[in-house]
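A short worksheet on the structure shown next.
Read-outs: derived from the displayed coordinates by stated rules, not from any lab. What you are looking at is a predicted structure, and each value in this text was computed from that prediction instead of being measured. Positions of Cβ are generated from backbone atoms using ideal geometry, with glycine treated the same way; all protein chains shown enter the neighbour counts.
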Amino acid sequence: MDNAVIKVVGIGTAGNEVLNKIAHRKISGVEIARIDTNQENFNKEVEVVLQNSDLVFILMEMSEKKNNEITGIVAQTAKTKGILTITVAVTSVNSNGETEEIEKLKEVSDTVIVLPLKKLAEADPSTTFDKIFEKRDESFIKNVEFIANVINKQGVVNLDLDDVKKMLKDSKTAVTVFGKGEGQDRIKLILEQLSNYPFSKNLSKKARKIMINIVGGADIGLQEIQEIVQKTFQKFGSDKTGVLWGYNMNPEVEEEIEVGILMTDFSD
């Protein structure tokens, strides 16, 4: 089966700088789509760049009004073409949420994943600006890598593009959470990371849709998988929550488990 075509567009300085890092990861099915925003035929170029895409990530930082406007054009073009459109938006360290701008992006995207730099800074007050920007880039990359691998890597318990569409199509808002652990206490360590992840630590609402993807070596036990799924449901879900989960075996890792969680459809 052919891989889904996933294109990544960077808007503004932060969005464009991270594209080279993503390219070096060589993520399955992911293509870097560079757009010259200064071209007179900008709208036409966007249409050409997005051709034959199944999913597009738009990575952007909301520090400049121009970034928001360009992102809106790219997102609306992609969504109109029937391409699953995910905008990953970083808000600045001194931001109070930039709610109005985010709401506008939700109108033209299938979903918006917001990454507040303020929360990265609050998670470790001693973190320097350089480290915050490194974490920002890694957050961009994790989102792309996680969702792309769910779609394009065949799992023992498999998730695919249709599952991601069920989660994200017209969902408006999504939150992602990540954890990694190894050794005897790896499940405990992962669950602690998931609970204290900067972008989910203070979620006030439960998710009605949760997708969990687990990657581990041949030594992972069914009981460990069940514990991750159950504890994730208890932490982030409710009796109205539907859970999809997948498991990918990576023979190259020993004693290590990685977990990625995607959540949408939040309610009281």
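Report, for the chain, the % of DSSP beta bridges that are antiparallel, rounded to 5. Present the calculation step by step, with values, prior to reporting the outcome.
Values: 20 of 53 bridges.
Antiparallel bridges: around 40 percent, rounded to the nearest 5.
Taking every Cα atom in segment 171-266, find the radius of gyration and the maximum pairwise distance Dmax, and write them in Å.
13.0, 39
Can you compute the helix-only [θ] at 222 nm over the chain? Use -39500 (n - 2.57) per DSSP H run of at least 4 residues, normalise by all residues, nearest 500 deg cm²/dmol. Can you show the working numbers first?
Working: 9 runs with 112 residues, N = 268.
When only DSSP H runs of four or more count, the value is -13000 deg cm²/dmol.
Taking a cut-off of 15 Å between Cα atoms, list the aspartates and glutamates near Lys104, but don't count ones fewer than 8 places away on the same chain.
Lys104 reaches Glu61, Glu64, Glu69, Asp170.
Could you grab the relative contact order for segment 6-152? Cα pairs under 8 Å, six or more apart, rounded to a whole percent.
Numbers: 222 pairs, mean separation 35.0, N = 147.
Computed value for segment 6-152: 24 percent relative contact order.
Using 0.36 nm per residue of separation minus the Cα-Cα distance, give me the extension gain between Glu40 and Glu100 in nm, one decimal. Intermediate values should be presented prior to the final figure.
Working: separation 60, 0.36 × 60 = 21.60 nm, distance 2.81 nm.
That works out to 18.8 nm of additional length.
Which entries in Lys131/Lys165; Lys7/Lys79; Lys21/Lys206 show an alpha-carbon gap greater than 24 Å? Show your work: numbers first, answer last.
On the way: Lys131/Lys165 33 Å; Lys7/Lys79 13 Å; Lys21/Lys206 33 Å.
Beyond 24 Å between Cα atoms: Lys131/Lys165; Lys21/Lys206.
Could you check the simple spin-label distance between Gln184 and Phe129, using points 7 Å along Cα→Cβ, in nm with one decimal?
4.5 nm
Given segment 1-93 reduced to its alpha-carbon atoms as identical point scatterers, what log10 I(q)/I(0) does the Debye formula return at q = 0.12, 0.19 Å⁻¹?
Debye output, listed in q order: -0.34, -0.86.
Taking all pairs of distinct Cα atoms, average 1/r, flip it, and tell me the Kirkwood hydrodynamic radius of segment 6-152 in Å to one decimal place.
Working: mean 1/r = 0.0650 Å⁻¹.
For segment 6-152, the Kirkwood estimate is 15.4 Å.
Taking a temperature of 37 °C and a viscosity of 0.692 mPa s, what whole-number D in µm²/s does Stokes-Einstein yield for the chain with Rh from Kirkwood over alpha carbon pairs? Working shown, then result.
Working: Rh = 18.9 Å.
The estimated diffusion coefficient comes to 173 µm²/s.
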